[in-house]
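Let me begin by handing over the structure; questions about it come next.
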C-alpha cells in the first residue's frame, strides 16, 4: 500500500507537477486544504511558489497554519519545498518583515545584488537564482542516509534561509557564497530547491522520502 501524502493546497500554483512527481516515486498524493486530512496522513508535503508573506497569510486564513505546526511539532514526516522550507523560520523579509512558524531559528533574506570575487572585486549577482546547482549533504538525518552525498537540483528563488543554528543545516549550495539548501530536525526535512523540476535527482529525493516514511 502506497503511503498517503497530504499535499497541502493553499494556492501556491505548482500542485499538479508536485503530485505527478510524488506518484512517480510510488507515493499517493492527496491534494487537500483540510487540516484534519493534513494531520491524519502518513506524511505531509508543503510546496510553494510565491512570496513569504502571501504564503503565511494564506495558510493562516484557511486554517492550515495550526495543522502544520502540529505536524512539525510531533507529527508524521514533513517535507517542505522552497517556500515550504522558508516559512519554517522565524521571519522573512520579503515585502516587509513577516513572522514565520519559528520551527527553526533564523530568518529568510534576499540574495545580495553583488558579491566579492576571489580577487576582492565586487561583481553583480543575478537575482533571482534560477537554474541547476549542486547540493552537498551533511549530517545523519534519516533522509540523508538515503541520498547521494552530492546531487544537482533545480532552483528558482530570490530569498534564502539564514539559520541561527548551523546544526539544522543538512545541505549546502553555492550561489554568491554558501547558503543553506536543506534543513532538518526529527520529523522535518525541507529543501530550497524544486525536486518536481529536478528530473532524476528530484526523483531520488522523493524516493528517499518514501523510504523514510516506510521506516517510520
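Taken together, the values in this text are just the output of simple stated rules run on the coordinates, not laboratory data. Remember, it's a predicted structure, so these values are computed and weren't measured experimentally. Note that we place each Cβ from the backbone using ideal geometry, even for glycine, and neighbour counts take in every protein chain shown.
As a footprinting exposure proxy, order 25, 113 by other Cβ within 10 Å, with the fewest listed first.
113, 25
If the viscosity is 0.890 mPa s and the temperature 25 °C, what Stokes-Einstein diffusion coefficient in µm²/s follows for the range 101-177 when Rh is the Kirkwood radius over Cα pairs?
It comes out at roughly 173 µm²/s.
I've got another one for you. Could you give the semi-axes, largest first, of the ellipsoid that matches the range 4-215, computed as the square roots of 5 times the alpha carbon gyration tensor eigenvalues and rounded to whole Å?
They are 26, 20, 15 Å, listed from largest to smallest.
Still on this model: State the Cα centre-to-centre distance between the range 53-81 and the range 126-155 in whole Å.
What the calculation gives is 23 Å, centre to centre.
At a temperature of 4 °C and a viscosity of 1.567 mPa s, determine how fast the range 144-203 diffuses translationally according to Stokes-Einstein, using the Kirkwood radius over alpha-carbon pairs as Rh; express D in µm²/s, rounded to the nearest whole number.
Answer, rounded: 106 µm²/s.
Now for a different question. Any idea what the relative contact order of the chain is, in percent, if you count C-alpha pairs under 8 Å spaced at least 6 apart?
Relative contact order comes out at 19 percent.
Between residue 178 and residue 150, what is 0.36 nm times their sequence separation minus the Cα-Cα distance? Round to one decimal in nm.
My answer for the length gained is 8.6 nm.
If you take every DSSP beta bridge whose two residues both sit in the chain, what share of them, in percent to the nearest 5, is antiparallel?
Expressed as a percentage, antiparallel bridges in the chain total about 60.
What is the P(r) of the range 60-105, as percent of Cα-Cα pairs per 5 Å bin from 0?
Percent of Cα pairs in each bin: 6, 19, 31, 29, 12, 3, 1.
Using only Cα atoms, tell me the angle between helix 15-24 and the longest principal axis of the chain; keep it within 0 to 90° and round to the nearest 10.
Helix 15-24 sits at roughly 70 degrees to that axis.
I would also like to ask the following. Send over the semi-axes of the range 1-123's equivalent ellipsoid, whole angstrom and largest first, taken as the square roots of 5 times the C-alpha gyration tensor eigenvalues.
Whole-Å semi-axes of the equivalent ellipsoid: 30, 18, 13.
Let me ask you something else. Rounded to the nearest 500 deg cm²/dmol, what is the calculated helix-only ellipticity per residue at 222 nm for the chain, with -39500 (n - 2.57) per DSSP H run of length n ≥ 4?
Helices in the chain give a 222 nm mean residue ellipticity of -8000 deg cm²/dmol.
Could you give the spread of the C-alpha atoms of the range 11-78 along their three principal axes, from largest to smallest, in whole angstroms?
Computed over the range 11-78, the largest-to-smallest principal extents equal 31, 27, 16 Å.
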